[in-house]
Amino acid sequence: MKYFSKSFLFLASLLTPVLPLFLFVLFWDKKILLQYAESLRKIRIHLEELSKGPVKHYLEDVFLREKNIPVQIQGSCTQCGNCCLNKQCFFLKAVDNNQFQCGIYDSFWRRFSNCNSYPLHSHDIERYACPGFSVIHITPMASIPTGNQVLAKASIQRETA
């Protein structure tokens, strides 16, 4: 997977000059073409952020369906933009003072993205210092045999970002 993710990023970097055209066709947003130079700048930043781990995470944890997922993740999105490649996502749109929204949230294509699975586990929350989600770990503490049944005392710990 490591080589596949590196190959994907290398290919994407080679195709950078034509990516705005591809994205225009995919999302039918004419601003991508009308602001070609700005689109290229944002694509380069986007690819640089992707190289820091999200592509590998997508291939290993989302595409191959990671099995080691915590018992429960709680919280909700605060629209801080941190999980959107640390506010560097090509599709991220500022909507208010320090609040952001996904520009392709309602798109058919979003379901195939890494974003659609966020947060999958504590690594996601930690990577982006997410203020809205936390992981609850349930750790068995002791087993007490009582006849035919085994009772387990459990400790619930809340992990905050």
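Computed from the coordinates by the stated procedures, all read-outs in this text should not be read as laboratory data. On a predicted model such as this, the values are computed, not experimentally measured, just so you know.
Just a few scattered comments:
- In order along the stretch 76-84, the phi-based Karplus estimate (6.51 cos²θ - 1.76 cosθ + 1.60, θ = phi - 60°) of 3J(HN,Hα) comes to 8, 5, 9, 6, 6, x, 4, 6, 8 Hz; Gly and Pro are listed as x.
- Using the alpha-carbon positions of the stretch 6-51, Rg (one decimal) and Dmax (whole number) come out as 10.4, 30 Å.
- Diffusion constant of the stretch 1-130 at 25 °C, which comes from Stokes-Einstein with the Kirkwood Cα-pair radius and 0.890 mPa s, µm²/s: 156 µm²/s
- Thr78 long-range amide H proximity, modeled H, under 5 Å: Gly132
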